[in-house]
């Protein structure tokens, strides 16, 4: 079968890889000059099983509104976006109730664990250089009450497959000596030993290279302008390089996907949410932690990337399709980082920060949307949000299964399009 995949980020390229393994003739189309140049280019870097929970959690809508009163809220909603996101926002509020939130959490965590297993299988099958760090993730807390709440959540997820260890402050410092300057301000931490980190951009580029060598065709610098329907099926894509035909189409274009689905009369409940990341040479901080560290209070994540770079990511900004970094938000993220690691105050020049911003495709409920649409040969693989690197491999396998009608290894009901 000829299959066209729209999008060459980590989700699109892993989808192409799984389709290739199933024996399909695959073409990947992307507007960028190469793979992984948008959200997959400079993401947080960690495969975060413990973070595989939807944003729609009890209390989050209220906390988000209250946070807007602060100087540097982790989630910033631009007032001008509220009219356009009212329906998504209502669905988000409804999904944040206890019962639906727990069901969505189970769906996201199940997919994250499945995806991690497929990542490991792919790593064993292929030779891919992406500087993996297999030491687990440490999440630190500044308030005892918040930490106990997080422990309770982690404990509830143990039957689903999550593995965690509660650590005292001294154990956290022993694991990450760079925390010693904040020893008196920490309540402790949670270590997730099964988690890992790695360069998502490098992985995607290497997997794209492997796919290309085995017959996948990549059409870069190609803008998909319109999905053209003929009766119950898509007939072709209108692109900047002419029409492209296929037997089946997979929409894996991240936050751009709702715009492409709109001309078919479909509403994809995916909201573009701007995220920030900062990358530094390791020479700035030679004694940096050797594993990912998440800060619950300050809402950022840190990950070493190989032996030469450090990555800091965080914040969420609802600003439509605007990817321009805001100077005050960039500086606030850096200050949050220095709040946990004050040794960097004299090493990072705020005036010289060069952030990377991307648009995370976020669904109101949390789980991504995977499977066949109401157009019989159009399939979705979108909505992984801030967990693209974590969920991509499992999402790709589910999307490939749906195309050939194969029974998947995990229950699809939490992800299929409404």
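Rule-based calculations on the coordinates, nothing more; no lab input. Just so it is clear, the structure is predicted and the values come from calculations on it, not from any experiment. When we count neighbours, we look across all protein chains shown, and the Cβ atoms used for this are built from the backbone with ideal geometry, even at glycine.
For an R0 of 51 angstrom, estimate the FRET efficiency from the Cβ-Cβ distance between residue 226 and residue 131 and round to the nearest 0.05. Show your work: numbers first, answer last.
On the way: r = 39 Å, r/R0 = 0.77.
The formula returns an efficiency of 0.85 here.
Return the whole-Å distance between the Cα centroid of region 70-99 and the Cα centroid of region 293-371.
Here the answer is 19 Å between Cα centres.
Shape call for region 133-211 from the C-alpha gyration tensor, a ≥ b ≥ c root eigenvalues: rounded (a/c under 1.5), prolate (a/b greater than b/c) or oblate?
Values: a/c = 3.09, a/b = 1.64, b/c = 1.88.
Oblate, since a/c reaches 1.5 and b/c is not below a/b.
What shape does region 258-394 have by the C-alpha gyration tensor, where a ≥ b ≥ c are the square roots of the eigenvalues, rounded means a/c under 1.5, and otherwise prolate means a/b greater than b/c and oblate the rest? Write down the numbers at each step before the final one.
Details: a/c = 2.94, a/b = 2.11, b/c = 1.39.
Prolate is the answer for region 258-394, as a/c is 1.5 or above and a/b outweighs b/c.
Of all DSSP beta bridges located in the chain, what percent are antiparallel, nearest 5? Numbers along the way, then the final one.
Numbers: 48 of 70 bridges.
Here the antiparallel bridges make up roughly 70 percent for the chain.
Please tell me the relative contact order of the chain in percent, rounded to the nearest whole number, where contacts are Cα pairs under 8 Å and at least six residues apart.
Details: 881 pairs, mean separation 111.1, N = 418.
Dividing the mean separation by the residue count of the chain yields 27 percent.
Taking a spot 7 Å from the Cα of residue 323 along the direction of its beta carbon, which residues of region 188-228 have an amide N less than 14 Å from it?
Correct set: 221-224.
Helix 144-157: angle to the longest alpha-carbon principal axis of the chain, degrees 0 to 90, nearest 10?
That works out to roughly 40 degrees.
Per DSSP H run of at least 4 residues, take -39500 (n - 2.57); add these up for the chain, divide by its residues and hand me the 222 nm value, nearest 500 deg cm²/dmol.
Working: 10 runs with 130 residues, N = 418.
When only DSSP H runs of four or more count, the value is -10000 deg cm²/dmol.
Please arrange 346, 137 by how many other C-beta atoms lie within 10 Å of their C-beta, fewest to most. Show your work: numbers first, answer last.
Numbers: 346 8, 137 28.
By the 10 Å Cβ count, ascending: 346, 137.
Specify the inter-centroid distance of region 209-272 and region 1-60, based on alpha-carbon positions, in whole Å.
About 14 Å separates the Cα centre of region 209-272 from the one of region 1-60.
Simple spin-label model, 7 Å along Cα-to-Cβ: residue 406 to residue 155 in nm?
4.0 nm
Quick one: compute the contact order of region 147-209, relative version, from alpha carbon pairs under 8 angstrom and 6+ residues apart, as a percent.
Numbers: 43 pairs, mean separation 22.0, N = 63.
That works out to 35 percent.
Would you mind ranking 21, 291 so that the residue whose beta carbon has the fewest other beta carbons within 10 Å leads the list?
Values: 21 15, 291 20.
Ordered by Cβ neighbours within 10 Å, fewest first: 21, 291.
Give me the angle, in degrees from 0 to 90, between the Cα long axis of helix 10-21 and the longest principal axis of the Cα atoms of the chain, rounded to the nearest 10.
50 degrees
Grab the Cα-Cα distance for residue 217 and residue 194, subtract it from 0.36 nm times how many residues apart they are, and report the gain in nm with one decimal.
Details: separation 23, 0.36 × 23 = 8.28 nm, distance 3.48 nm.
Contour length minus the Cα-Cα distance gives 4.8 nm.
In the set (i) 21.8; (ii) 21.1; (iii) 26.6, which value of Kirkwood radius over Cα pairs in Å was calculated from the structure you see?
(i)
Over the Cα atoms, compute the radius of gyration (one decimal) and Dmax (the largest Cα-Cα distance, rounded to a whole number) for region 1-141, in Å.
Spelled out, the Cα radius of gyration and Dmax of region 1-141 are 18.8, 54 Å.
As I understand it, the value is the acute angle between the Cα axis of helix 86-95 and the longest principal axis of the Cα atoms of the chain; what does it come to in degrees, rounded to 10?
60 degrees
Working out 0.36 nm times the residue gap between residue 240 and residue 263, then minus their Cα-Cα distance, what length gain in nm do you get to one decimal? Can you show the working numbers first?
Numbers: separation 23, 0.36 × 23 = 8.28 nm, distance 1.68 nm.
Answer, rounded to one decimal: 6.6 nm.
Using the 10 angstrom Cβ neighbour count as an exposure proxy, how do 26, 77 rank, fewest first?
Ordered from fewest to most neighbouring Cβ atoms within 10 Å, 26, 77 come out as 77, 26.
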